[in-house]
Structures are given as C-alpha cells and as structure tokens.
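See below for the structure under consideration.
The values are calculated or read from the model by the stated rules, or taken from the named source; none is laboratory data. Just so it is clear, the structure is predicted and the values come from calculations on it, not from any experiment. Backbone-built Cβ (ideal geometry, glycine too); neighbour counts: all protein chains shown.
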C-alpha cells in the first residue's frame, strides 16, 4: 500500500466516524431558542428575569453548558417584562409550546420548567395552567430561582425600599413596581383579588389557587439568603427577601399535599457572569443536582 493510499483510507475512516456522531440541532424562532439533544432524555424550558432576554439567560445560567450531552434538550424563551400572566397569556404561551414541540418532533415526556426572578413566577403560573388544562406539554417538574412569588409582599417590599432609600437600584426598582402594580392591579388593600389571581401564592390570604395542580409534580425553590450582603447593600432582613416568600410557598405546597417539593438554600454561589457577587443570580443553581433531579425516574 502506498503512503497516498494509506492517508486516503485514514481520512475516509476519520470522516466516517465523525459524521456518525450525533449532532446537536440548534433552532431559533420567534422569541425562542431550541437546542435539541441527539438522544433526548428530558426537556428544560427556561424563562428569563424581567428585563432580561434569551442571550442574558445563556450568559448567566452557566449550568446550561453542554446539557445536550446529558440528553437534555433546552428551550429558552424570551417571555419577559412580566411578573405574572393573564389567562390569555397562559393560553398563548401554551399554544406556542404546543407548536414548538409538534414542529420539532420533541417528546412530550420528562418536561421541566424553570425561571429566574420574575421568570420563576411565570414558570409556576404556566406549569399550574398546563397541568390544570391537561395540555400535551405536561411538566414533570417546575423550579424557581429567587423569585418574588407573592406580589402583595413584593409591593409592600417596594414601598419599604423606597422609604429606606438605601440603594439607588432598590429605589428605582421599588418605584417601578409600585407604579406598575397600582396601574395594573391597584393597591393590595383595595383589590386583593387581583393579587390572588396573579400571584403563585399569597401569604396573607393563604391563597393556593395557583399551586393546586403543582402537587402532582416535583417542585424546587432555589435561594441564597445572604443576610450579611442584604443588610450591607439593601438593609433587608430575611422577611424582606424573595427567599422568605419562597419558603412560605414551599410550606404551603407541603400542606396542600405535595410530597416532592424541595426548598434549596445555597451559600456563596451567587455570582453574576462578570464576577460580581450578587445572591440574586441564576448561578445559585447547581448543575449536577439539577441534572440528577430531571433524569431520576420517580414519576
């Protein structure tokens, strides 16, 4: 065999082996990005925080890296600028998910929905709706990452932040929330029914309307209540944090009948992609634990 023939055979063999390896399929559509794992074992649907978008989720949520190699298909949605969903919005997003799954031949099994901050609110409200309406896209689990699940408490916290005037970011966000909520829902004391309808859980009324169907599936609540950081930077106590609202929601789910709910408290994981320390971060989610949670066969 000549040297030329040898290299020809070697090159052919290499190319043949490379082409036989399953390849990730990347699809971008209207307000979504889908990464289809070659051997799908689960689907992870994620919602961004209020001012964020798909690119922000990809940058900040480091646990997304190489999830396709674990057999996890990821669907990143650009549904933002929302702290809650109307009934019409629930239907519209449900229809969008149905279309994405059907058009891309995704399996309707082992589906998990998660969201960061306000995206966590959206994830919980939508998951409850999908289960309640027996949608084809039926979640097996849902999780929220440092989400303000109680909108009444969020409104009251915004009032407190503005009054305390401790940090420009907190004051600006507080004023925005107060104006938005008063315009769209009114003041809680005067229109508590709106806050019940739009909150995943309302502590003051023990309103579990938007949690009832979630007792059927696994749920997780991620938080990092770094009290030293919060006191120094925001003058907030534990009761002022999203962590407190999430813990109360977790307890309400348990009392409602859930036996597969977890309240996960992390330490020193909250860092933004630029290296800034901030406990309000996607990265409090630990990758290995999340993957194991999605792939375990208990449901």
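Against the criterion of being in contact with a helix residue (DSSP H, G or I) (Cβ under 9 Å, 6 or more places away or on another chain) and assigned by TED's automatic domain parsing to the domain that holds residue 142, residue 101 does not qualify. Of the residues making up the stretch 235-250, those that are part of a helix (DSSP H, G or I) and either in contact with a strand residue (DSSP E or B) (Cβ under 8 Å, 6 or more places away or on another chain) or surrounded by 16 or more Cβ atoms within 10 Å (Cβ to Cβ) (or both) are 240, 242, 243, 244, 245, 246, 247, 248, 249, 250.
When the stretch 135-166 is filtered for residues that are outside any helix (DSSP H, G or I), exposed (fewer than 15 other Cβ atoms within 10 Å of the Cβ) and not assigned by TED's automatic domain parsing to the domain that holds residue 243, only 165 remains.
Test residue 170 against the criterion of being over 12 Å from the mean Cα position of the chain (by Cα), at pLDDT below 95, in a helix (DSSP H, G or I) and buried (at least 17 other Cβ atoms within 10 Å of the Cβ), and give yes or no. So residue 170 passes the test.
Check whether at least one residue in the stretch 27-35 is at pLDDT 80 or above, part of a loop (DSSP other than H, G, I, E, B), surrounded by 12 or more Cβ atoms within 10 Å (Cβ to Cβ) and in contact with a helix residue (DSSP H, G or I) (Cβ under 7 Å, 6 or more places away or on another chain), and report yes or no.
For the stretch 27-35, residues at pLDDT 80 or above, part of a loop (DSSP other than H, G, I, E, B), surrounded by 12 or more Cβ atoms within 10 Å (Cβ to Cβ) and in contact with a helix residue (DSSP H, G or I) (Cβ under 7 Å, 6 or more places away or on another chain): absent.
Restricting attention to the stretch 212-221, does a residue exist that is in a loop (DSSP other than H, G, I, E, B) and surrounded by 20 or more Cβ atoms within 10 Å (Cβ to Cβ)? Checked the stretch 212-221: at least one residue is in a loop (DSSP other than H, G, I, E, B) and surrounded by 20 or more Cβ atoms within 10 Å (Cβ to Cβ).
Evaluating residue 208 against the criteria (1) crowded, with 17+ Cβ neighbours inside 10 Å; (2) more than 18 Å from the chain's Cα centre (by Cα); (3) without any contact (Cβ under 8 Å) to a residue 40 or more places away in the chain leaves one unmet condition, (3). Being in contact (Cβ under 8 Å) with a residue 40 or more places away in the chain, under 15 Å from residue 120 (Cα atoms) and either over 13 Å from the mean Cα position of the chain (by Cα) or part of a loop (DSSP other than H, G, I, E, B) (or both) is the filter here, so list the residues in the stretch 42-70 that pass it. Scanning the stretch 42-70 gives 48, 49, 50, 52, 61.
Flag set for residue 65, criterion: within 18 Å of residue 289 (Cβ to Cβ), out of contact with any strand residue (DSSP E or B) (no Cβ under 9 Å at 6 or more places or on another chain) and surrounded by fewer than 17 Cβ atoms within 10 Å (Cβ to Cβ).
Inspection of the stretch 187-210 finds no residue satisfying the criterion of being assigned to a helix (DSSP H, G or I), farther than 23 Å from residue 267 by Cβ and at pLDDT below 95. Tell me whether the stretch 37-59 contains one or more residues that are on the phi > 0 side of the Ramachandran plot and touching a helix residue (DSSP H, G or I) at 6+ places or on another chain (Cβ under 8 Å). No, there is no match, as no residue in the stretch 37-59 is on the phi > 0 side of the Ramachandran plot and touching a helix residue (DSSP H, G or I) at 6+ places or on another chain (Cβ under 8 Å). Residue 119 meets all of the listed conditions (1) part of a loop (DSSP other than H, G, I, E, B); (2) in contact with a helix residue (DSSP H, G or I) (Cβ under 9 Å, 6 or more places away or on another chain); (3) at pLDDT 95 or above but one, namely (1). Within the stretch 71-114, being in a loop (DSSP other than H, G, I, E, B) and closer than 22 Å to residue 181 by Cβ holds for 79, 80, 81, 82, 83, 84, 85, 86.
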